[in-house]
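Everything below concerns the one structure shown next.
What follows is calculated from the coordinates using simple rules that are stated; it is not laboratory data. Since this is a predicted model, take the numbers as computed values, not measurements. Cβ atoms come from the backbone with ideal geometry, glycine included; neighbour counts cover every protein chain shown.
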Amino acid sequence: MQLASGANDSVDVRTALSRLRRASGLPVAFGGLLTSPGRFRINELSGTATAVLSGLDILQGNGLGGKAASLARPFAVTEYSASSVISHEYDAAVAAEGLRSVLAVPVVVRRRVRGVLYGALRRPVRLGDRPLTAAMEVARELEQALLLEDEAARLLSVAHPSVPAAGDASSPQAAVDPARWEEVREAHGALRALAQRVADPSLRQEMLAACGRLAAASSGRPGAVGGEDGEGRADRAGGRGPVLSPREVDVLACVALGATNAEVAERLGLRPETVKGYLRSAMRKLGAHTRLQAVIAARRCGLLP
């Protein structure tokens, strides 16, 4: 199972540049992410008059963006071509686009620079606190989006090789090491909670599909939850067994890991009263009288691993 991370990253950067322009008031924004150690590529443009900057490879330490990446902090220059604080490998491209005042903000995820966002003007004006602060806030938002995708990829990599195909009688749950299976259950709960925070619909659906495969493997049933159908309900093949809403499954997945209602609410971004409502509804559908009974019943039905 592979994530289309390149496509997702491009969407994230494109969205960030649009927000940077709105928040900072700068008419031009561009940027890109790391393509190899010490090198990133400008692959997204917003407000530019030409495509000269597109595809430009920036080496760490070179130019304004390379310096921002090298030192992991933002920089701004009033007159790019005449600045004495940066090197000038990219002057021709900057001049061709007609840029004068430029700022660069690094995108840092887990202490590693993942890319750079730029904002620019076509006249030499000292960039004050407002545009720089706005650009830094946008960079932090992009960092959070990339962190979510990294975590999703990590959880998927944990889940995918650990679980046999649904219905594979040669690899029942009992044959899996208990500690390993507990890790799978934790990945399932984390994936369901994380999926609700991921904006990209294809990535979210892939995460929910992985959750369905984990649940199916626990019971050996090919008809366990595989995501969400058009009505937003957890789909069961042939309509067998209880049908829980995706949120009811989310709540049960957290409860199965020992979370209290308050902890479930914080993890899923819900109110505690809402969590109680989902839990009561799930218990009623499963014919359970306690939280533990609900978890056990959900596992038997193939709703949880």
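Remark: spin-label model distance SER70-ASP129 equals 2.9 nm, labels positioned 7 Å along the Cα→Cβ axis. Structural size metrics of the range 105-151, computed from C-alpha coordinates, are Rg and Dmax of 12.5, 41 Å. Amide H to amide H distances under 5 Å link ARG41 with LEU33, THR35, ILE58, where only residues 5 or more positions off or on other chains count and H is placed in the peptide plane. Summarising the overall dimensions of the range 33-88 from its C-alpha atoms, the Rg and Dmax are 11.7, 30 angstrom.
Applying 0.36 nm per residue to the separation of GLU141 and ALA93 and subtracting their alpha-carbon distance, the gain on full extension is 14.5 nm. Against the empirical 2.2 N^0.38 Å (N residues), the range 252-299 has a Cα radius of gyration ratio of 1.04. In the calculated pair-distance distribution of the range 12-148, the portion above 17 angstrom amounts to 52 percent of the Cα-Cα pairs.
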